[in-house]
Amino acid sequence: MSKLIHDDFILQSGAARELYHDFAKDEPILDFHNHLPPDEIARDRRFADLQEIWLAGDHYKWRAMRANGTAERFCTGDASAREKFDAWAATVPHAMGNPLYHWTHLELSRYFGIDELFSPATADKVWEVGNAKLAEPEFSTRGLLKMMKVRALCTTDDPVDSLEHHAAIRDDESCEMKVYPTFRPDAALRVDEAVAFNEWADKLSEVSGIDCSNLKNFEEAIRSRHDFFHQLGGRISDHGLYRIFDAECSRAEAEKIFDTTRGGQSAGEAEAEKFGNYLMLFFGELDAAAGWTKQLHIGCERSNSTMRLEKLGRDVGCDSMADVNHAQALRHYLDTLEQRGALPKMIVYPLNPVDNYALATMLGNFQGGESTDGEPPCRLQLGTSWWFMDCKDGMEEQMRVFANTSLFSHFVGMLTDSRSFLSFTRHEYFRRILCNRLGQDMESGDLPRDVELIGDMVKRICYGNAEKFFGLGV
């Protein structure tokens with residue numbers, strides 16, 4: 001039986017194979033959005049077994065296991081590490097067509113040198129070989145990143161985080177990759193949850209040294225943390241939003257909403273919408289002034305199972321796509337920032353692919369202009385396919401939309417959006433899909449049969465464009 005993962009996996013033409021092997025394969029990685037724990041990089045964590053590194057915390061796999069009829073104790077519960085591993089082995093043969101099938105076998109091949117199909121029949125071998133590899137010194141967190149040629153990565157961090165681990169990594173001369181913080185101030189928007197908001201505002205007061213008892217001080221405290229992230233190399237912010245806020249809000253209204261919430265009363269839906277819009281414009285101004293890039297991850301229905309939310313908490317695999325019209329709200333947001341002279345570089349990631357064309361064409365209305373001198377081209381971009389859409393179909397669709405509506409040559413490429421140190425094979429997956437698509441267009445005559453011309457674009461999409469776009473000093 002031939003191997004699933006081989007040199008020409010996904011590459012369906014001679015042009016695709018040439019593009020991948022000669023231009024994409026050896027490019028380093030700049031992973032500009034993930035959820036890796038920086039403390040694990042700082043202490044160069046080692047993993048006890050495959051379950052610990054491969055399954056723990058992975059809600060993608062939990063969803064698949066539940067769909068396979070697996071009891072919850074084998075996903076998030078108290079089953080042993082080997083029992084959970086075996087439950088995953090029983091699931092994978094049924095996952096053909098799901099990107100997890102490809103990801104699983106890429107990870108086994110690239111990290112552990114295992115090329116057999118994963119199933120209950122091969123579980124013993126994979127468990128033994130994988131665990132033996134994890135015991136080797138080079139299979140620490142930093143070693144795994146080095147294997148994948150990760151030159152730099154950006155974690156996702158709350159403004160109240162101390163960033164002590166980022167500072168430790170920066171000062172550790174033995175660490176070969178750069179690790180930068182990303183400013184994720186979602187908690188600042190949650191005035192509809194007074195208890196949680198006030199707990200966060202109190203932490204912000206503590207870490208900033210600014211009493212957040214009024215809106216002016218609250219903004220100054222956020223600004224001080226933004227500056228702190230900048231000092232540690234951060235150049236990117238990120239927002240996870242159900243939708244883009246779209247209700248005008250005066251400063252007086254924002255102050256009233258803030259004061260009411262600080263007094264212990266949760267804001268209603270309309271007030272939360274207003275405050276969210278006010279603060280998102282403030283965040284946009286901060287990013288523009290600092291030369292940062294703003295990321296908007298939009299369109300997720302979160303924690304849909306009340307039972308699992310109450311039993312297991314958030315981020316356990318109970319989220320899905322929202323069906324929201326984002327175009328008008330994005331227009332108002334970009335237009336207001338542009339009129340204020342404060343429109344930052346921006347990448348927008350809609351979760352639902354039906355939004356791709358509407359949002360991509362909206363971003364095109366705000367490209368260029370005198371205020372962008374010295375900044376990279378395509379300063380507003382449709383981001384790579386996200387979450388449920390970082391599959392082969394989703395990536396191909398996002399590439400088509402980007403190319404049809406903008407300048408694909410300037411695309412900043414792939415990210416992992418992952419908490420797993422084994423997820424960096426997703427860059428290889430993306431690169432193979434990219435080269436296959438471009439190779440098909442070369443073979444059909446839709447693109448010139450000029451390997452050097454197209455190959456140079458491939459190299460830039462894989463790494464060079466992101467290096468220039470974000471200004472991280474890699």
Subset of segment 112-137 (residues that are free of Cβ contacts under 8 Å to residues at least 24 places away in the same chain, assigned to a loop (DSSP other than H, G, I, E, B) and buried (at least 17 other Cβ atoms within 10 Å of the Cβ)): I114
Residue among V160, V179 that is assigned by TED's automatic domain parsing to the domain that holds V207, β-branched (V, I, T) and closer than 14 Å to D44 by Cβ: V179
Residue list for segment 204-229, restricted to those being more than 17 Å from F258 (Cβ to Cβ) and part of a loop (DSSP other than H, G, I, E, B): G209
Residue in segment 226-239 that is over 30 Å from the mean Cα position of the chain (by Cα) and either in contact (Cβ under 8 Å) with a residue 60 or more places away in the chain or more than 30 Å from D323 (Cβ to Cβ) (or both) present: no
Qualifying residue in segment 320-328 (condition: within 29 Å of D227 (Cα to Cα) and in a helix (DSSP H, G or I)): no
Cβ-Cβ under 6 Å pairs, at least 6 apart or on other chains, segment 138-152 side on the phi > 0 side of the Ramachandran plot and surrounded by 15 or more Cβ atoms within 10 Å (Cβ to Cβ), far side polar (S, T, N, Q) and modelled with pLDDT of 95 or more: none
Verdict on I5 being outside any loop (DSSP other than H, G, I, E, B) and touching a helix residue (DSSP H, G or I) at 6+ places or on another chain (Cβ under 6 Å): no
Pairs, first at positive phi in segment 292-318, second of a type in the set (S, T, N, Q), C-beta under 7 Å, six or more apart: G299/N352
Among the residues listed as L434, L415, L380, the single one being farther than 30 Å from W54 by Cα, crowded, with 22+ Cβ neighbours inside 10 Å and in contact with a Gly (Cβ under 9 Å, 6 or more places away or on another chain): L380
Residue in segment 59-80 that is surrounded by fewer than 16 Cβ atoms within 10 Å (Cβ to Cβ) and under 23 Å from V129 (Cα atoms) present: yes
Evaluation of L447 against (1) more than 25 Å from D31 (Cα to Cα); (2) in a helix (DSSP H, G or I); (3) without any contact (Cβ under 8 Å) to a residue 12 or more places away in the chain (one fails), failing number: (2)
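The values are calculated or read from the model by the stated rules, or taken from the named source; none is laboratory data. Here the structure is a predicted model, which is why all the values come from computation and not from measurement. All Cβ positions, even for glycine, are placed from backbone atoms using ideal geometry, and neighbour counts span all protein chains on display.
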